[in-house]
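First up is the structure itself, then whatever we jot down about it.
The values are calculated or read from the model by the stated rules, or taken from the named source; none is laboratory data. What you see is a predicted model, and the numbers here were worked out from it, not measured in a lab. A quick note on method: Cβ atoms are made from the backbone with ideal geometry, for glycine too, and the neighbour counts reach across all protein chains shown.
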Amino acid sequence: MTLYLLLKESQKVWFFSGIFIGVFWFWWIALSLKHYGYIWAIPIEILVISLIYGVLFWVFAWGAEKLSSKLTLPAIFFKAFSLLIFSYIHPFGFDWFKPELMFIESYLGIEKWQYALILMASALSIWKKQLLYLFIILFAYQPPLTTNNVPSDEIKIVTTYTSVQDKWNEALHSEQFEHLFKEIDQAIQEGKKLVILPESVFPLFLNRSETLLEKLEERAKQISIVTGGLYWDGRTPRNSTYIFTDNKITVANKVILVPFGESNPLPDFLSNWVNKVFYDGAVDYVASEHVIDYKIDEDIYRNAICFEATSERLYEGTPENMIVLSNNGWFTPSIEPTLQKILLQYYSKKYGTTIYHSVNMSASYVIKNGTVIEL
């Protein structure tokens, strides 16, 4: 119904639709500014985001009208095409706006061709003023996928609730680390084969901490451990996953960085100014060039850290399993964890990937065939 009504409307309505989509879909992005002491900038950032989407929607509606007058085709079809390609438009590399996400919990499919059928049916019914064309939508029907809703008994997925302020408070690290080792020890007592901890739960350069590495290696003799931590090679910082298994340590660095949060997508002269003013001169993280898979026992897992798990690139090759480590503390309380979960459902359903998601500051879960299995 939303798409049907939007297709009928004018450029002005499209502009304000973009404005409100920008606000209600992405308002939470600005919450990260409070952790840097810029609460005053939160409404400004929300306004900028809303204007970006407002202008994008207006441009597409305006372009549809122009093309219609030149090609003698109804503008409604160009508007439908605009909504189809919106999934490929990623301002500053942020690709969380996908209109087809509204069908993730429905009987309609989320593939592009199914979304195109829904748009075509809506456009035809409006153009011909005949609701019977809406029956075309039936061809976008997606039978529910059967899922065994029982997570593996051999895997323990840990959820932590450490605020951003506490996470980077070195005085609290000892207590935090003690809790993490208790979780690992409990997993060993329960006979688990793998324990997964959230993103950067060790908020230091773990490869430079011999004491922590020794403790993790000792426990890894009894259980495989996947945990988040920082990595420093003497030149560049990285947000990484550490895998302790088979008497060895594997480091999988992040491939896709969060725009502005970890890497500034602006030109260098602006990027340096933004980092200096808003991020205390912090240096951008550096991304790894290649997507990384690693093996635990007989299973292959695709490595993903938070934001990158919601990017199409991480699903190249259709991985069977993916371990995702996240820290949602920057954006809670907000809708961000829910939107993240819906995006992971989308990719799990599209690629058949089973996702094991360990999270800080919101609940962890498993997603199989697009179905969320709460822990």
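Only one of L212, L131 is modelled with pLDDT under 95 and of a type outside the set (S, T, N, Q); which? Checking each option against the conditions leaves just L131.
Between P144, P198, the distinction of being under 26 Å from D299 (Cβ atoms) and either touching a Gly at 6+ places or on another chain (Cβ under 6 Å) or surrounded by 11 or more Cβ atoms within 10 Å (Cβ to Cβ) (or both) belongs to P198 only. Residues in the range 333-361 that are free of Cβ contacts under 8 Å to residues at least 40 places away in the same chain and either out of contact with any strand residue (DSSP E or B) (no Cβ under 6 Å at 6 or more places or on another chain) or within 21 Å of I243 (Cβ to Cβ) (or both): P333, P337, T338, Q340, K341, L344, Y347, Y351, G352, T354. Residue count for the range 157-215, restricted to those that are in a loop (DSSP other than H, G, I, E, B), more than 29 Å from R235 (Cβ to Cβ), of a type outside the set (D, E) and without any contact (Cβ under 8 Å) to a residue 40 or more places away in the chain: 2. Taking the listed residues S362, S358, the one that is at negative phi, among the polar types (S, T, N, Q), over 11 Å from the mean Cα position of the chain (by Cα) and not in a strand (DSSP E or B) is S362, with no other qualifying.
Each row is one residue, and each column tells you yes or no for (1) in a loop (DSSP other than H, G, I, E, B); (2) at pLDDT below 95; (3) buried (at least 16 other Cβ atoms within 10 Å of the Cβ).
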{"position": "K34", "(1), (2), (3)": "no, yes, no"}
{"position": "I42", "(1), (2), (3)": "no, yes, yes"}
{"position": "E45", "(1), (2), (3)": "no, yes, yes"}
{"position": "G54", "(1), (2), (3)": "no, no, yes"}
{"position": "V59", "(1), (2), (3)": "no, no, no"}
{"position": "E65", "(1), (2), (3)": "no, yes, no"}
{"position": "S69", "(1), (2), (3)": "no, yes, no"}
{"position": "L73", "(1), (2), (3)": "yes, yes, no"}
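Taken over the range 221-256, the criterion of being over 16 Å from Y301 (Cβ atoms), surrounded by 22 or more Cβ atoms within 10 Å (Cβ to Cβ) and hydrophobic (A, V, I, L, M, F, W, C) is satisfied by I256 alone. Before we move on, is K215 surrounded by 15 or more Cβ atoms within 10 Å (Cβ to Cβ), touching an Asp or Glu at 6+ places or on another chain (Cβ under 6 Å), closer than 24 Å to S358 by Cα and in the same structural domain as D246 (by TED's automatic domain parsing)? Against the criterion (surrounded by 15 or more Cβ atoms within 10 Å (Cβ to Cβ), touching an Asp or Glu at 6+ places or on another chain (Cβ under 6 Å), closer than 24 Å to S358 by Cα and in the same structural domain as D246 (by TED's automatic domain parsing)), K215 does not qualify.
Of the residues making up the range 83-132, just one is crowded, with 19+ Cβ neighbours inside 10 Å, part of a loop (DSSP other than H, G, I, E, B) and more than 18 Å from the chain's Cα centre (by Cα), namely G109. Filtering the range 193-212 to residues that are touching a strand residue (DSSP E or B) at 6+ places or on another chain (Cβ under 9 Å) and either aromatic (F, W, Y) or farther than 21 Å from Y356 by Cα (or both) leaves F202, P203, L204, F205, L206, N207, R208, S209, L212.
Report yes if some residue within the range 219-234 is free of Cβ contacts under 8 Å to residues at least 40 places away in the same chain, hydroxyl-bearing (S, T, Y), touching a helix residue (DSSP H, G or I) at 6+ places or on another chain (Cβ under 8 Å) and in the same structural domain as I323 (by TED's automatic domain parsing); otherwise report no.
Within the range 219-234, one or more residues are free of Cβ contacts under 8 Å to residues at least 40 places away in the same chain, hydroxyl-bearing (S, T, Y), touching a helix residue (DSSP H, G or I) at 6+ places or on another chain (Cβ under 8 Å) and in the same structural domain as I323 (by TED's automatic domain parsing).
For the range 73-132, filtering for residues that are among the aromatic types (F, W, Y) and on the phi > 0 side of the Ramachandran plot leaves 1.
On the given criteria, is E320 within 17 Å of D95 (Cα to Cα), surrounded by fewer than 20 Cβ atoms within 10 Å (Cβ to Cβ) and without any contact (Cβ under 8 Å) to a residue 60 or more places away in the chain?
Against the criterion (within 17 Å of D95 (Cα to Cα), surrounded by fewer than 20 Cβ atoms within 10 Å (Cβ to Cβ) and without any contact (Cβ under 8 Å) to a residue 60 or more places away in the chain), E320 does not qualify.
Mind checking whether some residue in the range 316-336 is in contact with a Leu (Cβ under 6 Å, 6 or more places away or on another chain), among the hydrophobic types (A, V, I, L, M, F, W, C) and within 22 Å of E105 (Cα to Cα)? The answer is no, given that none of the residues of the range 316-336 is in contact with a Leu (Cβ under 6 Å, 6 or more places away or on another chain), among the hydrophobic types (A, V, I, L, M, F, W, C) and within 22 Å of E105 (Cα to Cα).
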